[in-house]
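Structure first, then comments.
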Amino acid sequence: MPKLIESNFPFARLSRIAEQESWRKEVYRPVYYIHKWWARRLGTVFRGLILGSRLEDTADFWTRFYGPNDFSDVTLFDPFMGSGVTVGEAIKLGCRAIGRDINSVAVTACRTAFEKYDRVAVRETFRRLETTIAPTLLSLFQTRSANGDITTVLYYFMVKIVDCPHCQNQIDLFKRQIFSANAVPKKDPSARALCPACGMIVHTQYDSETALCTSCNHQFNPQKGSVLGSKVHCPDCHKEFKLVDVMRSRNGPLGYRRYAKMILLQDGTKKYEPINDYDRDIEKRVADEYASAIAELPRVRVEPGYNTNQMIKHNYRYWHELFSDRQVVCIRHLAEAIKTIDDVGIRRLFSCLFSGTLEFNNLFASFKGEGTGAVRHMFANHILKPELMPIEANLWGTPKSSGAFSCLYQSRVERALDYKAHPTEVVIDSYSGAKSGGFSKQLSAPVTGTYAAFTESSGSVYISQGDSSCTDIPDGAVDLIVTDPPFFDNVHYSQLADFFYYWLNQLLNLSPACSTRSKAEVQDTDAFLFTSKLTSVFAECRRILRNDGLFVFTYHHARHDGWTAVHRAIRHAGFICTRSFPIKAEMAVSMPLQQAKSPIHLDLVLVCRKSVLDATPQRETEPVREAITRAARQASELTDSGIQVSLADAKVILMGQLLCETHRLHCLDEEESFLEHREKDVDCYVEEVITEKGEVLYKAPATQQLVLFEKMAEYLANKEVERTGDPLRVFPAAHL
């Protein structure tokens, strides 16, 4: 009997709820945010996918979504566990959950997320650290304010420095002299700049091109610094040079200096002040401690790779070099304190908290601005990008801090433990009768490390690290597979995860290896290698899946070879795709999406079953036309629910329907030929997916009309379409 996910699955309504979650994922699903991982998917979506895969097609989906469930007779497997969203949602629904990932950082984070903790013991451990090690860390962020009071530094502002190759004078590598402004400058246009003549802090406006230093009367343009693009202008000899040329002659990364600080006054207000003699005395103390601390750290080289080459070009060749001297000293003190925690589970929990804190406390972090969390973490761009104007935050922190150990304990650990004890679901106003919590299982379970132990321990979750193309799970032992595989792309998680692994391995002895990289990792820019490795994992999934089980996964890609790769993996592993539908994937304002030329906001859900040998069914409709019709219907359902559908999203929806049509051919040669021809003509059909009889399926709210018409003008210019009549009839509004 078909499952609900194969018939009338409410993907549009579920996407509306998921969109709400996407704005504050760390609040709605904090358990997946104890430690950093990339491409976290939405818990709302995966709860829905698991439910839809188990419920009969006549079931009331929403009653079960916002109600109790017990799937204790269902074994679920996720071969690409990542941040653990699938496993966590399965636990909440009462499933017997198995998760596997090739990366030890992901596995450590998931073990930490799902383990059961003594809440009192966790709090006592934090209080002990607060009593024993916090005073030492805070003493390194102490200063004397201009009025003579001893107070706390929240952030030191730093700038990289270089000696001019022509005159040998030291140059501050400012892109502009403004170092602090409001995150929403139209709300508060005030800004702070550094006087290039005397180093005093100058109050100015974020867009001002003239500023006057009241200390030395020097007038300057705060929008200009010594760095413009790849070139550096020396303010002393007025000659220019390329920074990359200087880096080639250096043995290590650029030096830095602190020039300003934000302090917390006794009345709770914040104030900017320049560096003074008290700060310089602390710097001398830090330098002395740094010499001994750095000698004890292992020297682990940063391996070349797509996501690490940029930092290597800037001579960051060892992982400990990504930190300032003060950060290294603080890290060593805190790490040694965490090592003394006796309880293994709690030590792992605080090790993950410590590791996550380092994302905000390194030389690649920068200042976001007033009015928001002050620290822009190092992975905002999904690459390891050197920062010319880094920020050095108070690592232990205060209630007014951002990205600090004590703050993240409250926002990550305490919030996650609350959620684990009382899981909730997102409710939006239009769904009357839905309640947010009180019906899911607690998100805690004994974590086992082998399948044999898993079968013997009732209510446990099985988490393992290794290649998912080779597991210890018996044939046909799994009822359902739900996952989100990596997509054929340039973001290699292991290259980024090594930043955390360097520190976690020192605390937890995860492995004798120096890196999490593996040749078996399914993450390649080479289409053949990606397809081969993905096929191997899918084939293992087929082996362990029951004959009547479902294999459900999410996927999207902008390029055609990404789709042919996943098609081949599905078919060569022995599956066919029976159903596809779009679902909300990412927050629309995430940094990678904002930077994309044509952002994809939707994932495609592909529902697969084991292929069987049967006669090719008779077709009553032409496959491409059928795919366009169904894709247009799905796009319409989304837009009717208020979900924007871009041109790139429409292509994702259409490719899903084309995959289904392809697999109905039941002949690999014909399927390959069908998809090959689609590469040439698929873009011609995309506009048909988001328009119907010339009418736009989605019209922007009145507040978005200006943006709509600006984008419309750009679209029409690119397409060279004559702007006549009603422009909305020729411009697909979903191109927003």
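The values are calculated or read from the model by the stated rules, or taken from the named source; none is laboratory data. As the structure is a prediction and not an experimental result, all values here were calculated from the model. Methodologically, a virtual Cβ is constructed for each residue, glycine included, from the backbone with ideal geometry; neighbour enumeration extends over all protein chains shown.
Observations
- Single residue of Arg542, Arg568 found to be among the charged types (D, E, K, R), under 27 Å from Asp73 (Cβ atoms) and over 24 Å from the mean Cα position of the chain (by Cα): Arg542
- Matching residues in region 37-71 - criterion: being of a type in the set (Lys, Arg), in a loop (DSSP other than H, G, I, E, B) and either free of Cβ contacts under 8 Å to residues at least 24 places away in the same chain or surrounded by fewer than 24 Cβ atoms within 10 Å (Cβ to Cβ) (or both): Arg40
- Which numbered condition Gly305 fails, given (1) over 23 Å from His35 (Cβ atoms); (2) modelled with pLDDT under 95: (1)
- Among the residues of region 235-251, the ones that are touching a Leu at 6+ places or on another chain (Cβ under 9 Å) and of a type in the set (D, E, K, R) come to 1 in all.
- Residue match in region 324-332 (condition: of a type in the set (Ser, Thr, Tyr), within 27 Å of Ile133 (Cα to Cα) and either in the same structural domain as Pro390 (by TED's automatic domain parsing) or at pLDDT 95 or above (or both)): yes
- Restricting region 636-680 to residues that are in contact with a Cys (Cβ under 8 Å, 6 or more places away or on another chain) and hydrophobic (A, V, I, L, M, F, W, C) leaves a set whose member that is surrounded by the most Cβ atoms within 10 Å (Cβ to Cβ) is Leu659.
- Selection within region 461-492 - assigned to a strand (DSSP E or B), under 25 Å from the mean Cα position of the chain (by Cα) and not polar (S, T, N, Q): Val461, Tyr462, Ile463, Ile481, Val482
- Exclusive hit being in the same structural domain as Ser53 (by TED's automatic domain parsing), hydroxyl-bearing (Ser, Thr, Tyr) and surrounded by fewer than 13 Cβ atoms within 10 Å (Cβ to Cβ), set Ser436, Ser444, Ser457, Ser430: Ser430
- Matching option when the condition is among the hydrophobic types (A, V, I, L, M, F, W, C), in contact (Cβ under 8 Å) with a residue 24 or more places away in the chain and surrounded by fewer than 17 Cβ atoms within 10 Å (Cβ to Cβ), among Cys541, Cys470: Cys470
- Helices (runs of 4 or more DSSP H) (entirely within region 72-157) containing at least 3 residues that are outside the structural domain of Asn362 (by TED's automatic domain parsing) and under 30 Å from Ser515 (Cβ atoms): 85-92, 104-114
- When Leu76 is tested against (1) among the aliphatic types (A, V, I, L, M); (2) in contact with a helix residue (DSSP H, G or I) (Cβ under 6 Å, 6 or more places away or on another chain); (3) within 25 Å of His377 (Cα to Cα), only condition (3) is not met.
- Pairs where the first residue, in region 123-134, is in contact (Cβ under 8 Å) with a residue 40 or more places away in the chain and the second is among the polar types (S, T, N, Q) and part of a helix (DSSP H, G or I), C-beta under 8 Å, 6+ apart: Glu130/Ser406; Ala134/Ser406
- Odd one out for Gln495, checked against (1) at pLDDT below 95; (2) part of a loop (DSSP other than H, G, I, E, B); (3) not basic (Lys, Arg): (2)
- Odd one out for Thr621 among (1) modelled with pLDDT of 85 or more; (2) in a loop (DSSP other than H, G, I, E, B); (3) more than 19 Å from Ile583 (Cβ to Cβ); (4) β-branched (Val, Ile, Thr): (1)
- Within region 78-107, tally of residues that are hydroxyl-bearing (Ser, Thr, Tyr) and surrounded by 24 or more Cβ atoms within 10 Å (Cβ to Cβ): 2
- The criterion of at least 2 residues that are closer than 17 Å to Val31 by Cα, touching an Asp or Glu at 6+ places or on another chain (Cβ under 9 Å) and touching a residue at least 24 places away in the same chain (Cβ under 8 Å) is met by the following helices (runs of 4 or more DSSP H) wholly inside region 333-423: 344-357.
- So Gln410, is it surrounded by fewer than 24 Cβ atoms within 10 Å (Cβ to Cβ), at pLDDT 95 or above and over 22 Å from the mean Cα position of the chain (by Cα): no
- Filter result (under 18 Å from Lys224 (Cβ atoms), of a type outside the set (Val, Ile, Thr) and buried (at least 22 other Cβ atoms within 10 Å of the Cβ)) within region 158-171: Lys160
- Search result, residues across region 182-201 that are outside any loop (DSSP other than H, G, I, E, B) and either β-branched (Val, Ile, Thr) or modelled with pLDDT of 95 or more (or both): Ser190, Ala191, Arg192, Ala193, Leu194, Ile201
- Any hit, region 517-524, residues being without any contact (Cβ under 8 Å) to a residue 40 or more places away in the chain and over 16 Å from Asp101 (Cβ atoms): yes
- Here Lys441 clears all of (1) closer than 30 Å to Val87 by Cβ; (2) within 20 Å of the chain's Cα centre (by Cα); (3) part of a loop (DSSP other than H, G, I, E, B); (4) of a type in the set (Lys, Arg) except the condition numbered (2).
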